[in-house]
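The values are calculated or read from the model by the stated rules, or taken from the named source; none is laboratory data. Here the structure is a predicted model, which is why all the values come from computation and not from measurement. Backbone-built Cβ (ideal geometry, glycine too); neighbour counts: all protein chains shown.
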Amino acid sequence: MKKIDSFSEYNRAYEHSVNDPEGFWEDVASTFSWQSKWDKVLDWEFDTPNVNWFVNGKLNITENCLDRHLADKGDKIAIIWEPNDPNEDAISITYNELHQRVCEFANVLLNNGAKKGDRICLYMPMVPELAIATLACARIGAIHSVVFAGFSAKALADRINDADCNILLTSDGLFRGTKQLCLKDIADEALQHCNTINACIVLQRTGQDVNMTNGRDLWWHDELQKVNHHCDAQIMDSEDPLFVLYTSGSTGKPKGVQHHCGGYMVYAEYSFRNVFQYEEDDVYWCTADIGWITGHSYIIYGPLLSGATTIMFEGVPTYPDAGRFWEICEKHRVNIFYTAPTAIRALQAYGTEVIEKYDLSSLKTLGSVGEPINEEAWDWYYKNIGKEKCWIVDTWWQTETGGIMISPLAHITKMKPTFATLPLPGIQPCLVDTDGNEIQGNDVEGNLCVKFPWPSMIRTTYGDHERCKQVYFSTYPGKYFTGDGCKRDQDGFYRITGRVDDVINVSGHRMGTAEVENGINEHVSVVESAVVGYPHDIKGQGIYAYVILDSSVDGSEDLKKEILHTVTTEIGPIAKPDKIQFVSGLPKTRSGKIMRRILRKVAEGDTSNLGDTSTLLDPNVVQEIINGAQ
Ligand code: PRX
């Protein structure tokens, strides 16, 4: 695939993509290896919604990630794995080896009864086997559902049950910084509440003792003994599902965002090559976890489709010290580095001495994803890591969009601190006012929508198509609504201002306020709670919880700890509130709706202009909340 190589070429490609979308994407799609070609490039409507790309085209994404590279890149390194402990050896896997290992594990899955269309859940550490198993699912046409290994047993069980998964892939344990966690224990607890899992295949990573249930649990290494490394790729329709990935929304229950084979493949490679301006022999590193969309699209699929060398890192940025990222960049001569603002801000706090120890001269391009990057963090990243010569690509996108939507193209289009800048070719963003009217012109602000389909867009929410319609296509009929607010400046550059719905973004992780409230309310002493986001120096947003207790109990520090424990058990440590305030009531309208605007202001420490509170059911509660605020 040829990438855009100048600003004028970007403009030309963009215009082509708007004037003739089908012709534009047909050209891009033709660079892939298809088992049979499509009849029609695009068939769509946004009411139901019903979107079909490369209609009747047949393919297998793993043939595009692996097989097609073997003739000329078989000995090239596909994955470099960097362990949590810097004293353990890194592992390099060539395209030939990766192909072989994916085929072997695909045969393990087949031996255990997996078929095309089955859902397979992966709950694993960041080890090569996670990438291998993900691709093995795709090889046989099973739908992978990767669940981040920081989620609790309850959250894992909910996700397994929602998609009726029949196989669970996990490990004995995982290493993360100084911590060692027993994943298998968590999986065992989850499986007590799941009755669709026939086989649980367990990778040995830490070597710790785990319980193995007869007739259900199998060791990964034993299963590999039983297979060979030949496995034909399943023939997939372009619109067959490739994966589901759960993400939080404004209601309590996370939804399984579903992506399909053909369109996702085309856009993953197109966006990877163009945004990062990947060149043959570049070493590329995305620090995300494969449990999130960034890991799916830009650790596994985008880079491997492009025949790139992609780094997978098992650990955390601050172990054994805050220089770990930069040590890895030097060690593997990383050219393209992609991380989250929260990591940048956290490392900023450690000063620059720890950076100066390392040679970062291989870096050409730096990326940012997951939340708005504040100007200070942008400048720090540009100066101290990029040495004022690297491009920063601030990439805006979502689990639902499958790939990067708005971003500079490194060294090709302009960058501007805190701006995601311009849409990629093929992406037609628009801003709408609260009535849904499109806001024309520049120097304007509104809610961000997309008005034309793109290949990697969400197709449905697993098992509940109506929900997909309601959440994304009903607020502004005829448009996909992102849930984000956005400005367009005088140059036409886009700047994402944050969520406009009840979703908070904590360290780049999406949390639904209702989801966290449901977690808190599980504590026996809690009657009701309301959660809002507030600005947090490192995390971007922190979680502030207002909690009403049963009248028979007194609020105490111990009780706060118990509530945090409840949330950890219900969802996982990432959902733990940063602040808990016990209150006797919540500001509600007469119809019972919580006035979150007031709670947000108090959490932000700004009580100067709370607006009219006289219409509240109990106006006195506001003063009590202000007095008790932290
Ligand atoms: O609010 C936006 C924010 O993250 C949300 C998507 O979260 P998730 O589906 O978990 O995917 C994160 C990784 C793609 C968006 O609705 N967001 C993501 N990237 C940016 C961003 N906000 C501002 N600037 C970004 N570059």
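For every residue, the table says whether it meets (1) surrounded by 21 or more Cβ atoms within 10 Å (Cβ to Cβ); (2) modelled with pLDDT of 95 or more; (3) in a strand (DSSP E or B).
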residue: ILE120; (1), (2), (3): yes, yes, yes
residue: ARG159; (1), (2), (3): yes, yes, no
residue: THR170; (1), (2), (3): yes, yes, yes
residue: GLN180; (1), (2), (3): no, yes, yes
residue: ILE201; (1), (2), (3): yes, yes, yes
residue: LEU218; (1), (2), (3): no, yes, yes
residue: GLU223; (1), (2), (3): no, yes, no
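Criterion first (away from the ligand (no atom under 16 Å from the Cβ), surrounded by 16 or more Cβ atoms within 10 Å (Cβ to Cβ), aliphatic (A, V, I, L, M) and within 16 Å of VAL583 (Cβ to Cβ)) does VAL526 satisfy it? Yes: the conditions hold for VAL526.
Determine which member of the set ARG333, ARG324 is touching a strand residue (DSSP E or B) at 6+ places or on another chain (Cβ under 8 Å), among the charged types (D, E, K, R) and away from the ligand (no atom under 16 Å from the Cβ).
None of the others qualify; the one that does is ARG333.
Could you please find all residues in the range 357-395 being part of a loop (DSSP other than H, G, I, E, B), away from the ligand (no atom under 13 Å from the Cβ) and touching a helix residue (DSSP H, G or I) at 6+ places or on another chain (Cβ under 6 Å)? Result: TYR358, ASP359, LEU360. Listed by first and then second residue, the pairs with beta-carbon distance under 9 Å, at least 6 apart or on different chains, first residue in the range 368-388 and touching a residue at least 12 places away in the same chain (Cβ under 8 Å), second part of a helix (DSSP H, G or I) and small (Gly, Ala, Ser), are SER368/ALA377. Looking only at residues in the range 257-269 that are surrounded by 24 or more Cβ atoms within 10 Å (Cβ to Cβ) and within 16 Å of the ligand (Cβ to nearest atom), the one that is nearest to the chain's Cα centre (by Cα) is VAL257.
Among the residues of the range 509-530, count how many are part of a strand (DSSP E or B) and among the small types (Gly, Ala, Ser). Within the range 509-530, residues that are part of a strand (DSSP E or B) and among the small types (Gly, Ala, Ser) number 3. Is the range 563-571 home to any residue that is within 16 Å of the ligand (Cβ to nearest atom) and touching a residue at least 60 places away in the same chain (Cβ under 8 Å)? Yes, there is a match, as at least one residue in the range 563-571 is within 16 Å of the ligand (Cβ to nearest atom) and touching a residue at least 60 places away in the same chain (Cβ under 8 Å). Among the residues of the range 270-282, those identified as polar (S, T, N, Q) and either assigned to a strand (DSSP E or B) or crowded, with 23+ Cβ neighbours inside 10 Å (or both) are SER271, ASN274. When residues in the range 322-373 are screened for being over 26 Å from the mean Cα position of the chain (by Cα) and among the acidic types (Asp, Glu), 4 of them pass. Taking every residue in the range 396-418 that is more than 14 Å from SER271 (Cα to Cα) and near the ligand (Cβ under 9 Å from one of its atoms) and pairing it with any residue that is of a type in the set (S, T, N, Q) and in a loop (DSSP other than H, G, I, E, B), at least 6 positions away or on another chain, the pairs with Cβ-Cβ distances below 8 Å are THR418/ASN374. Set side by side, the residues GLY555, GLY592, GLY611, GLY533 differ, and just one is touching a strand residue (DSSP E or B) at 6+ places or on another chain (Cβ under 7 Å) and assigned to a loop (DSSP other than H, G, I, E, B), which is GLY555.
When we screen PRO417, PRO425, PRO455 for residues that are buried (at least 19 other Cβ atoms within 10 Å of the Cβ) and either of a type in the set (Phe, Trp, Tyr) or in contact with a strand residue (DSSP E or B) (Cβ under 9 Å, 6 or more places away or on another chain) (or both), the only hit is PRO455.
Under 22 Å from the mean Cα position of the chain (by Cα) and closer than 23 Å to VAL18 by Cβ: which single residue out of THR413, THR399, THR395, THR418 fits that description?
Within the list THR413, THR399, THR395, THR418, the selection yields THR395.
In the range 271-282, the residues that are in contact (Cβ under 8 Å) with a residue 60 or more places away in the chain form Cβ pairs under 9 Å with partners that are among the acidic types (Asp, Glu) and assigned to a loop (DSSP other than H, G, I, E, B), at six or more places apart or across chains, as follows: PHE276/ASP282; GLN277/ASP5. Sort out which residues of the range 60-76 are more than 25 Å from the chain's Cα centre (by Cα) and either assigned to a strand (DSSP E or B) or within 30 Å of ARG459 (Cβ to Cβ) (or both), and write them in order of number. If the condition is that a residue be more than 25 Å from the chain's Cα centre (by Cα) and either assigned to a strand (DSSP E or B) or within 30 Å of ARG459 (Cβ to Cβ) (or both), then ASP67, ARG68, HIS69 are the ones that fit. Here is the figure for the range 293-322: residues that are assigned to a loop (DSSP other than H, G, I, E, B) and either in contact with a Pro (Cβ under 9 Å, 6 or more places away or on another chain) or surrounded by 22 or more Cβ atoms within 10 Å (Cβ to Cβ) (or both) total 7. Here's a check for you: in the range 484-513, which residue that is among the basic types (Lys, Arg) and more than 10 Å from the ligand (Cβ to nearest atom) is surrounded by the most Cβ atoms within 10 Å (Cβ to Cβ)? In this case the residue turns out to be ARG488.
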